[in-house]
Amino acid sequence: MSGRERILGNLKRSLGRDGLDVNAVAAVERRLASRNANLVPKRAARPHAEQVDLFIEKATALDITVARVGGLADVPGAISDYLAEHNLPSEIKMAPDPALDGVPWADRPMLKITRGRAEISDAVGVTPAFRAIAETGTLVTVSSADRPATLNFVPDDHVVVLNASQVIGTMEDMWAGLRADRGDGDMPRTVNMISGPSRTADIQLTLIKGAHGPRRLHIVLVDDGAA
Amino acid sequence: MQPTSHAFKQNAKRAMVDTPLQESLRRLETGFTAARQAAADGLPEFEDLRDEARGIKNHVLEHLDLYLERFESRVTEKGGQVHWCETPRDARNAILEICRKVGARTVTKGKSMVAEEIALNPFLEENGIEPVETDLGEYIIQLADEPPSHIIGPAVHKTKDQVSDLFHEHHQKYGKTERIEEPEALVAEAREILRQKYFDADVGITGANFLIAETGSTVIVTNEGNGDLTQMLPRIHIVVASLEKIVPTLEDVSTILRVLARSATGQEMSVYTTFSTGPKRPEDLDGPDEFHVVLLDNGRSEMLGTELQELLRCIRCGACMNHCPVYHAVGGHTYGWVYPGPIGAALDPHLIGLEEARHLPNASTFCGRCEEVCPMRIPLPKIMRHWREQAFEHHVSPSPERFAIRLWAAIAKRPMLYHLGTRIAMAVLGRLGRRRGRFASLPLAGGWTGGRDLPAPEGRTFQAMWAARGGRTGR
């Protein structure tokens, strides 16, 4: 008998269930098929424009910096400003995502852009987001051929280009969006919920930013008219 | 690790005179408790969410076999593999086999209590594979060659100076010859050294906070991002998790996440909550080629349907130890095994045997704070009491202790005898202690009076005074 059979056998015996228990199977199927949220806190139940404000407030409290811009045309300038502010070289590694193709990068010819996954030498990663959760100020990214997850973790600085229309209320709203995009049960390799720059308190409970992931997390929030 | 739980009393004596440890414990007591309270106060639905979280886990445990089967089929569909392991030995061997197949020389590791439970690091070393802990706390105690002392802050017992010494000693080989002291600089140095190791490792091993039946995903919750670098850069990602980590759906995980970080560190969300499903897709630019889930039972399936079932709701937040006066006094190492604090006192007797762990359920004041703050509402004091009864019934406690308990029981069950006995004892003690008002030492109670004085009774028992005031003293 394999370990699998023995473990499952033990579980069934402990649960006092031998053979197929149709009721139990039905209960499990029901639970898995229902997309019902459990209790969801009321905090983020508000009109979209206020959700965006709540997101900014929560994200800022998590040491995420946010630059709000009027349109995609302002993104290259906002990123250049950020690099200058932190004395960073004018060089970014960017996700090869078509969503970022609409940005007029050529307006900033000094900005050197390469696209692809992150390598150890990359200092600044620029990615789009999937959603942003107002309830807690959390960014959500999903991995794909166009969105390598290493960009979220390897560079010292992570810059996220987020559309205001991507701000939603809760985790539950985010899952609903993911299911609508991909179909039930189909998850990408990686879904990252990111609530601030990397940090640790492992030395004397002193909070230090930049443990292993990005030391800084910056959002360029694009008002795309949906708010 | 080899348990030293049988030596709890000696361990505790040492811990209580260990000045750096006591300093660290004081910091923990004030830091974590205040943070949790603020987080709980900041969410009006917090108490109701605890009820929901408990309900989710109760439902899962009643259907654990079915959810595990579903989880496995989802993992397989996505190109991953589940390895069912009854014992720590099975789990170690499964991991070794995966490592050997790719000729692994080094593995990076995210923080995992289950990896501690199966004593993975020494086993990998014996087999010529170098494990590199990447969580800063785990990295510190790996350098110190110590087990973790807390389930979410493994190096919480170390002071900054001790960390400075460790880094100074072990980082010379990387050309870091200067002894640095500031926490910021210490973190930066560890970051720099570990960075290359993520890229060089052949295999990355992480734990899992949750396994999701709906999608076949594994979830890790961290603040440092080390777990993510560990699982995305090497060719192989191995997740080691115990089987009760299952939750049904993405919505269910969301509910439990709302109580997890608040209970642990007082954050609303930990910095990184990462869902991993299968290996990288063919078109992906990064991610591991292989995805393995090593699923450990280690006696948990036997806990179902018993008094211990409720322990399987535990989400390892550490709130029980953060709020435990005994943990605050003696620290995690005193408990002598992987899981310290109240959860360890309730769980360890099952995992390492009551013989070894019999002191742990006694290491409690029964103040009940652990149960009060447990996000999953696990009745920890009740389970500790269960172990005390077991220890008595199965003759695990030494005979003098059992004799004393039997004597006490015999007297307590006979009210007449009890009243007479206490009246005499109070009168005698009252008279003997009349002059000084307290006793600095008493026969048979040296352990108690060693650290404090016993106030002398004023001559009458509570029951006698109650009766004198016209209260009811019995039927």
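Every number here is computed from the coordinates shown, using simple stated rules; none is lab data. Computed from a predicted model, the values in this text were never measured in an experiment. Reconstructed Cβ throughout: ideal geometry from the backbone, glycine too, with neighbour counts over all protein chains shown.
Quick notes on this structure:
- Distance in nm between pseudo-label sites at B:Leu432 and B:Arg100 (7 Å out along the Cβ direction from Cα): 6.7
- Calculated FRET value between B:Arg27 and B:Cys367, using beta carbons and R₀ = 25 Å, to 0.05: 0.75
- Distance in nm between pseudo-label sites at A:Ala45 and A:Thr65 (7 Å out along the Cβ direction from Cα): 3.7
- Three-way shape label, the stretch B:43-296, alpha-carbon gyration tensor, a/c 1.5: oblate
- Mean-position separation - Cα centroids, the stretch B:380-394 and the stretch B:407-431, in angstrom: 26
- Proximal aspartates and glutamates to B:Lys111, defined as alpha-carbon separation beneath 12 angstrom and excluding residues fewer than eight positions away on the same chain: B:Glu133, B:Asp135, B:Glu138, B:Glu224, B:Asp228
- Measuring between their Cα centroids, the stretch B:108-173 and the stretch A:37-75 lie 38 Å from each other.
- Residues B:Asp161, B:Asp90, arranged from fewest to most other Cβ atoms within 10 angstrom of their Cβ, appear as B:Asp161, B:Asp90.
- Taking other residues whose beta carbon is less than 10 angstrom from the beta carbon of B:Val338, and scoring Lys, Arg as +1 and Asp, Glu as -1, yields -3.
- Percent antiparallel among DSSP beta bridges (both partners in the protein assembly as shown, rounded to 5): 35
- Mean separation of Cα contacts under 8 Å (6+ apart) over length of the stretch B:87-202, as relative contact order %: 25
- In order along the stretch B:92-99, phi translates into HN-Hα couplings of 4, 5, 4, 5, 4, 4, 4, 5 Hz, rounded to whole numbers, per the Karplus curve 6.51 cos²θ - 1.76 cosθ + 1.60 with θ = phi - 60° and x for Gly and Pro.
- Stretch gain in nm, segment A:Glu5-A:Arg35, where the contour uses 0.36 nm per residue and the Cα spacing is subtracted: 7.7 nm
- Kirkwood-Stokes translational diffusion coefficient of the stretch B:33-91, alpha-carbon pairs, 25 °C, 0.890 mPa s, µm²/s: 166
- Burial ordering of B:Ser73, B:Ser276, B:Ser301, fewest other beta-carbon atoms within 10 Å first: B:Ser73, B:Ser301, B:Ser276
- Here the gap between B:Ala412 and B:His395, fully extended at 0.36 nm per residue and compared with their Cα-Cα distance, gives a gain of 4.0 nm.
- 13 Å beta-carbon shell around B:His150, net charge (K/R +1, D/E -1): -2
- Simple Cβ-charge dipole of chain A, Lys/Arg +1 and Asp/Glu -1, about Cα centre, in debye nearest 20: 980
- Antiparallel bridge percentage (DSSP; both residues within the stretch A:42-222; nearest 5): 30
- The stretch B:12-131 - Rg over Rh from alpha carbon coordinates, Kirkwood radius: 1.10
- With a 10 Å cut-off around each Cβ of B:255-261, the average count of Cβ atoms from other chains is 3.
- The stretch B:1-108: trypsin sites (Lys or Arg not before Pro) in DSSP coil with no more than 13 other Cβ atoms inside 10 Å: B:Arg105
- Hz values of 3J(HN,Hα) by residue in the stretch A:163-179 - Karplus curve (6.51, -1.76, 1.60), Gly and Pro given as x: 8, 4, 5, 7, 6, 10, x, 9, 4, 4, 4, 5, 5, 4, x, 5, 5
- Lysines whose Cα lies under 23 Å from that of B:Lys101, excluding same-chain neighbours fewer than 8 positions away: B:Lys78, B:Lys109, B:Lys197, B:Lys280
- Between the stretch A:114-146 and the stretch A:169-227, the alpha-carbon center distance in angstrom: 8
- Take every pair of alpha-carbon atoms less than 8 Å apart whose residues are at least six positions apart; their mean separation over the length of chain B yields a relative contact order of 20 percent.
- Remark: spin-label model distance B:Gln196-B:His170 equals 1.7 nm, labels positioned 7 Å along the Cα→Cβ axis.
- Among the GluC sites (Glu not before Pro) in the stretch B:245-305, those located in a DSSP loop and surrounded by at most 10 other Cβ atoms within 10 Å of their own Cβ are B:Glu283.
- DSSP beta bridges in chain B [antiparallel fraction, %, rounded to 5]: 30
- Net length gained if the chain between B:Ala445 and B:Thr87 were fully extended (0.36 nm per residue, minus Cα distance): 124.6 nm
- Under 9 Å, Cβ to Cβ, from B:Asn209 - net charge with Lys/Arg +1 and Asp/Glu -1: +2
- All lysines inside 25 Å of A:Lys42 as judged from Cα atoms, apart from same-chain residues fewer than 8 positions distant: A:Lys58, B:Lys57
- In a DSSP loop and with at most 16 other Cβ atoms within 10 Å, the trypsin sites (Lys or Arg not before Pro) in the stretch B:126-227 are B:Lys176, B:Arg179.
- Per residue of B:62-71, other chain Cβ atoms within 10 Å of the residue Cβ number 6 on average.
- For B:Val107, B:Val114, order by how many other beta-carbon atoms lie within 10 Å, fewest first: B:Val114, B:Val107
- For the stretch A:31-44, 3J(HN,Hα) per residue [Karplus equation, 6.51 cos²θ - 1.76 cosθ + 1.60, θ = phi - 60°, Hz, x = Gly/Pro]: 5, 5, 7, 6, 9, 6, 6, 7, 4, 10, x, 6, 3, 9
- Measuring nothing but how far apart in sequence close Cα pairs (under 8 Å, 6+ apart) lie, relative to its length, chain A scores a relative contact order of 24 percent.
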